[in-house]
Amino acid sequence: MVQTTNMAGNKETTHVYLKQRGVPDPLQDILERYSKRTSPIIIKHDLLRSDYVPDSLPHRVNHIREVGNVLATVLRGVKPSNLFLYGKTGTGKTAVCRYVVNRLSTEVAERNLNARFVYVNCRLAGTEYRVLADLCAAAGVSVPFTGLSKSELFRRFQSASSSLGNSFVVCLDEVDVLVKDFGDDLLYELTRSSMGPGWMSLVGISNDLMFKEQLDPRVLSSLSEEEIVFPPYTATEIADILLERVEQALRPGSVGEEVIGLCAALAAAEHGDARRAIDLLRVSAEVAEREGADRVGEHHVRKAQTLIERGRVKEVVSSLPLHSRLVLLAIYVASRKGLDTTSGTVYSMYREFCGSIGLEPLTDRRVSTLVSELDMLGVIACELVSYGRHGRTRKVKPTIPFNEVAEILGNDEALAVFLQGLS
């Protein structure tokens, strides 16, 4: 038997019950504030989303032209060179790529050309299977969510593309994530794929400046036929980007120059990340709205910064693989115990943790790679220390409060035992 609930009735009953008992309604002030016919601060939420591609990209005109010059050969039916875009997070790589692809897709459709553009975020896809499934979908081939081999998916994609005579420009965003987890075999196959009368061109996008070192030389030579580096934005450039978003997405007069300047300065201090600046602006406006303020103030930006930082740390740490979490735990526990957090100390404690939960430890070299990845994520900081004739070692230190990391890792019962007595 299915039970239904009268939501309106429950609402009225709860309100009357609270009123009879003299208990303040915890939602009353919120409901009243959002029921008022006042104009909200954020008018167009979609313009502040990370996946929004604006009509103009300040300070990236030259990069747009560079990418366009490489890919525009599709308009003549000529295969573009494989292209590799790299730079730190929030430097405009994805936005520029999608901007160019959107424009070229329109031109291709208007000219009725037999070329297609496919954009795949490898982090969101998660596996090589899902990447290939997205390619199959672009070729009009329906495949099951799981169950087929990668070679079979690739065969179906090639067969469909060949029979239709289609050519593809495939944009693999955050391709470094795919390679770190599964190796570069898929890239090797894609760069050497044969599709009958058609062809495939790849655009690889990576946040990891050292990503190319992980590639097989044969893959690297094919994928990096042309490269474009995206430098970090300066504070002034970020302010220009924010000003444009403020004018388009927020109520006029709700954000002053001082707020834009603060958001830009905070983002510029973190490697010139425009995406972080936009997130900071959005959350600041949301905080101001929750407080019933008419304008966004600098104190709202400070609150938003704290909220974003906590959310970022939780997201990063929670999504780490088990061995990475154990390495991170070893670093923070060693630091909490006052130990010298050198590579040797961290690896020794990591092995101890693995032994306690019956897990086969990784090699010293592999753990060193995981430490470098944690450093890149910003949850630790590494420093190379020289001991003169006694050699050199790498010291690692925490960058965020122990209690925050302990709270996140403590949700895993297997790891919580190592945190006992360290709060």
Per-residue HN-Hα couplings for region 186-195 [Karplus 6.51, -1.76, 1.60; θ = phi - 60°; Hz; x = Gly/Pro]:
5, 4, 4, 5, 5, 6, 10, 6, 10, 10
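Using Cα pairs under 8 angstrom and six or more residues apart, how large is the relative contact order of the chain, in percent? If you can, show how the numbers build up before the last one.
Values: 557 pairs, mean separation 63.4, N = 423.
Worked out over the chain, it gives 15 percent.
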Can you compute 3J(HN,Hα) from phi for each residue in region 284-291, using the Karplus curve 6.51 cos²θ - 1.76 cosθ + 1.60 with θ = phi - 60°, rounded to whole Hz and x for Gly and Pro?
4, 5, 5, 4, 4, 5, 4, 7
Among DSSP beta bridges lying fully in the chain, give the percent that are antiparallel, nearest 5.
30
What's the FRET efficiency of Val229 with Arg49 using the Cβ-Cβ distance as r and R₀ = 41 Å, to the nearest 0.05?
0.95
Going by C-beta contacts inside 10 Å, put Phe154, Phe168 in order with the fewest on the left.
Phe154, Phe168
Rounded to the nearest 20 debye, what is the charge dipole size of the chain about its Cα centre when +1 sits on each Lys and Arg Cβ and -1 on each Asp and Glu Cβ?
220
Among bridges DSSP assigns within region 61-229, what percent are antiparallel (round to 5)?
5
Along the positive direction of the dipole of the chain (beta-carbon charges: Lys, Arg +1; Asp, Glu -1; about the Cα centre), which of Gly272, Thr393, Ala139 reaches farthest?
Ala139
Report, in listed order, any pair from Lys88/Lys180; Lys303/Lys397; Lys88/Lys150; Lys180/Lys314; Lys88/Lys397; Lys79/Lys212 with a Cα-Cα distance greater than 19 Å.
Lys303/Lys397; Lys88/Lys150; Lys180/Lys314; Lys88/Lys397; Lys79/Lys212
Charge dipole (debye, nearest 20) of region 320-419; +1 at Cβ of Lys and Arg, -1 at Cβ of Asp and Glu:
500
For Asn112 and Arg76, what does the FRET efficiency come to when R0 = 25 Å and r is the distance between their Cβ atoms, rounded to the nearest 0.05?
0.95
Once you charge only the Cβ atoms, +1 for Lys and Arg and -1 for Asp and Glu, what is the size of the charge dipole of region 61-229 about its Cα centre, to the nearest 20 debye?
460
Sorting Ser163, Leu262, Met349 by the position of each Cα along the dipole of the chain (Lys, Arg +1; Asp, Glu -1; all at Cβ), the one nearest the positive end of that ordering is Ser163
When only Cα pairs under 8 Å and 6 or more residues apart are kept, what is the percent relative contact order across region 233-316?
31
For each of Ile205, Ile408, count neighbouring Cβ atoms within 10 Å of the residue's Cβ, then give the residues from fewest to most.
Ile408, Ile205
Rank Val287, Ser193, Thr89 by how far each Cα sits towards the positive end of the charge dipole of the chain (+1 on Lys, Arg Cβ; -1 on Asp, Glu Cβ) and give me just the farthest.
Ser193
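Every read-out reported here was derived from the displayed coordinates using simple, explicitly stated rules and does not represent laboratory data. Quick caveat: nothing in here was measured; it's all calculated off a predicted structure. Note: ideal-geometry Cβ built from the backbone for every residue, glycine included; neighbour counts use all protein chains shown.
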